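I have placed the structure first, in the form of C-alpha cells, so that the comments after it can refer back to it.
The values are calculated or read from the model by the stated rules, or taken from the named source; none is laboratory data. Predicted model, so just to flag it, every value in this text is computed and none were measured. Cβ coordinates were reconstructed from backbone atoms using ideal geometry, including for glycine residues, and neighbour counts include every protein chain displayed.
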Amino acid sequence: MKKLTILLIQLSFSFAFNLNAQVIANVTVQKAAIGTLDKSVRGYGAVDFDSTALRTISLESQARIVTVKIVPGEKVKKGEIVATIAPSESDASALTLAAISVEYAQNDKTRVVSMKESALATNADMALASQNLDKALQAKAELSKKLHSVMSKNLISPMDGIVQSVMIKNGDIVSSQTPLITIAKANQLIATLGVEPSVSRIVNIGQKVLITPYSSQLKPFNGSVLSVSSQIDPKSRLVNVRVGIPFSKDLIAGTTVIGEIVIGVEKGIVLPSTAIVTRKGLPYCFIVEKKKARLHNVKIGATHNGTSLITAGIHPDDNVITIGNYECEEGMNVNTVGKIH
C-alpha cells in the first residue's frame, strides 16, 4: 500500500511538470520596421462660432423692446423679423414736441404774412418767422432721421445664420449702440483647444490638427492652427489655440472635441499600440525568439490614433507580439496563429 501511494505521488509530480512544460500562448506577431509618426500636442476644447463672422444688431437711438421673436441657437433667414420695437417715452415726447413746434412756426409765419399785407409787419418780422420755421423743420427732420430705425418698428436679421446670443427681453429700454442680438454664420465654425502652457510655445500658426469629436457618431477631421493665445485663460488655466475647421452640416457649435496638434515627425519602430504591455509602471514588448516569448524593455515616442513609435528596445525585423502578449511570461512557449508582414 505504501509503495502504491509513493507511485501515485511520483506520477502526480511528473504530470504537473509535464503540464507546466507544455504551457503555450497563442499570439499574433508583426515584423518590426522603421517608420515615422507624427509627434503631437494634445488639446481639449469645443467647437464654436467664428468670432470674425459674427454680426451684432444695435440701434442708433434709445428704444423700447416690444417683443423678442428669437432665442439663442435658432436659425434665421436674411430679412427675418427678430424683434419688434417702439420709441422710448422720452423720444416719443420729443418727436411730438418737434411736430408741435413745426405747426406753431407755420401758423406764426402765416400770421406775419397776413400782417405784412396789412402793413402791420416789417420785412424783418417776415425774415424772423421764416427763420423760425426753417429751424423747426430742420429739428424735426434730424430727430426723425435719428429715430428712423426705431420708427420702422421691426428689427431684422442682416444675414442667414444662427442666433448666438440675445441680450434683450420684452419691455427693456435700450440705449443707442448697445448690442442687442448677435448672429453667426452657420458655415463658419472654429475649434478652440486648451493646451498646457509648457507646450504652447511649440504650437505655431499653420500646423495641422486632427480633431476628434467626443460624439462617436462624428468622424475625425483635419484643421489647422489659426492663432495661439499669448496668455493663460483664467478659467481653464490653459493656453487657447484657435483652429480653423471645414464646414460640416453634422457639426454644431458646442460640440466637445480632442485635438492632436502635429508639431513634427519622429522616426523609429512603428507598431500597433497593442504591442506594448505595462508592468510595474514600465513599458515592455514581447519578442518571439525560437518559439519562445522574450520580454524587452522599450522606450515609447509619439503615439497617434492607435499606433505607437518605439525609440529603443526593438530592432528592425524583430517578430513583435501584438495580440496575446498579456498572457505571456518570459520564456513561455508561443504558437503564432497570426502574422502581420
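Odds and ends about this structure:
- Scoring D250 on the criteria (1) within 39 Å of the chain's Cα centre (by Cα); (2) among the acidic types (D, E); (3) surrounded by 13 or more Cβ atoms within 10 Å (Cβ to Cβ) leaves a single failure, condition (3).
- Unmet requirement for D48, which otherwise passes all of (1) modelled with pLDDT of 90 or more; (2) assigned to a helix (DSSP H, G or I); (3) of a type outside the set (F, W, Y): (2)
- Residue within the stretch 193-212 that is under 26 Å from G259 (Cα atoms) and at pLDDT below 90 present: no
- Per the listing G301, G259, the residue uniquely buried (at least 19 other Cβ atoms within 10 Å of the Cβ) and either in the same structural domain as I211 (by TED's automatic domain parsing) or in a strand (DSSP E or B) (or both) is G259.
- D250, sole failed condition from (1) among the acidic types (D, E); (2) assigned by TED's automatic domain parsing to the domain that holds K31; (3) modelled with pLDDT under 90: (2)
- Members of the stretch 191-228 found to be within 13 Å of G43 (Cα to Cα) and free of Cβ contacts under 8 Å to residues at least 12 places away in the same chain, listed by number: S198
- Looking only at residues of the stretch 82-111 that are among the small types (G, A, S) and assigned to a helix (DSSP H, G or I), we find that the one that is nearest to I156 (Cα to Cα) is A92.
- Within the stretch 60-79, the set of residues being under 30 Å from the mean Cα position of the chain (by Cα) and surrounded by 18 or more Cβ atoms within 10 Å (Cβ to Cβ) comprises V68, I70, V76.
- Cβ separations smaller than 9 Å between residues 6+ apart or across chains give the following pairs from the stretch 309-333 residues that are under 10 Å from K31 (Cα atoms) to residues that are small (G, A, S) and assigned to a loop (DSSP other than H, G, I, E, B): H315/A32; P316/A32; P316/A33; D317/A32; D317/A33; D318/A32; N319/A32; V320/A32.
- Residue in the stretch 166-183 that is surrounded by 15 or more Cβ atoms within 10 Å (Cβ to Cβ) and among the small types (G, A, S) present: no
- Residue among D134, D108 that alone is more than 43 Å from the chain's Cα centre (by Cα), surrounded by 13 or more Cβ atoms within 10 Å (Cβ to Cβ) and at pLDDT 80 or above: D108
- The residues of the stretch 315-335 that are of a type in the set (A, V, I, L, M, F, W, C) and either out of contact with any helix residue (DSSP H, G or I) (no Cβ under 9 Å at 6 or more places or on another chain) or part of a helix (DSSP H, G or I) (or both), listed by number, are C328, M332, V334.
- From the list R294, R279, R242, the one residue that fits, being surrounded by fewer than 16 Cβ atoms within 10 Å (Cβ to Cβ) and either touching a strand residue (DSSP E or B) at 6+ places or on another chain (Cβ under 8 Å) or in the same structural domain as T307 (by TED's automatic domain parsing) (or both), is R279.
- Failed condition for A129, given (1) part of a loop (DSSP other than H, G, I, E, B); (2) modelled with pLDDT under 85; (3) surrounded by 13 or more Cβ atoms within 10 Å (Cβ to Cβ): (1)
- Scanning the stretch 209-227 for residues that are under 14 Å from S248 (Cα atoms), touching a Ser or Thr at 6+ places or on another chain (Cβ under 9 Å) and crowded, with 16+ Cβ neighbours inside 10 Å yields P213, L218, F221.
- Residue within the stretch 194-208 that is touching a Phe, Trp or Tyr at 6+ places or on another chain (Cβ under 8 Å) and part of a helix (DSSP H, G or I) present: no
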